[in-house]
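The values are calculated or read from the model by the stated rules, or taken from the named source; none is laboratory data. Because the structure is a prediction, the values reported are computed rather than measured. Glycine gets a Cβ as well: all are built from the backbone with ideal geometry, and neighbour counts include every protein chain shown.
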């Protein structure tokens, strides 16, 4: 099976990304609705916690805040998925070096970096303010995202050069 | 800058790009790009086709003009 063009691996991946994209939309809607419920009916959290027999010392407001932060990170993933879908759309059309793919890849790189920084901040706030404990990440796993960001930026430059060459070929008679 | 004089040659020989396309086998779109000075590069093969079809020398089709911005 070929990778580019209609009915190829990239069009299959584009469909999978569509599913993930709309799934993320639904998840964000659920998270926002839950946090609004927690803010408007504070007893809801205590009731849910009691029903599931979970030990939770956080107030409804704190839970809503954390849910909102989770929703914000999901929104970041939604944006990254959106740009990735647009890139895969061009791949499934067989148009690899589309001029817009460079800027999309750069945005993906910035998005991944911003999400990682947001994760550090969220973990810092959760452990500092809400006294929640997180497993520390050591070794190469701690820098995997930054490697991915670097690769994406390099890829953006490759696409930029590809788009320039394509334009040159198009205007070579 | 290098300037293509295809428009002038076509006018002089009273030819349209469609007729030139028939003679050379090049597409009308490509010839329009050449005529409108939009091309970035010209293959020797294309130049050969044009010279044969128009019965002229490469110098009749191309000229160098000093760019004002330089």
Among the listed residues A:105, A:165, identify the single one that is within 30 Å of residue B:4 (Cβ to Cβ) and either in contact with a helix residue (DSSP H, G or I) (Cβ under 8 Å, 6 or more places away or on another chain) or at pLDDT 90 or above (or both). A:165
Within segment A:158-173, considering residues that are free of Cβ contacts under 8 Å to residues at least 12 places away in the same chain and in a helix (DSSP H, G or I), the one nearest to the chain's Cα centre (by Cα): A:158
The listed residue being in a helix (DSSP H, G or I), more than 14 Å from chain B (Cβ to nearest Cβ) and out of contact with any helix residue (DSSP H, G or I) (no Cβ under 8 Å at 6 or more places or on another chain), out of A:90, A:81, A:144: A:144
Residue satisfying all of: in segment B:28-54; closer than 12 Å to residue B:9 by Cβ and touching a strand residue (DSSP E or B) at 6+ places or on another chain (Cβ under 8 Å); surrounded by the most Cβ atoms within 10 Å (Cβ to Cβ) among these: B:34
If you check residue B:20 against the conditions, is it without any contact (Cβ under 8 Å) to a residue 60 or more places away in the chain, surrounded by 15 or more Cβ atoms within 10 Å (Cβ to Cβ), within 11 Å of chain A (Cβ to nearest Cβ) and outside any loop (DSSP other than H, G, I, E, B)? no
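For (1) under 18 Å from residue A:172 (Cα atoms); (2) at pLDDT below 90, each residue gets a yes or a no:
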{"site": "B:16", "(1), (2)": "no, no"}
{"site": "B:29", "(1), (2)": "yes, no"}
{"site": "B:48", "(1), (2)": "yes, no"}
{"site": "B:55", "(1), (2)": "no, no"}
{"site": "B:62", "(1), (2)": "yes, no"}
{"site": "B:70", "(1), (2)": "no, yes"}
Note on residue A:118: of the conditions (1) closer than 27 Å to residue A:15 by Cα; (2) in a helix (DSSP H, G or I), unmet is (1)
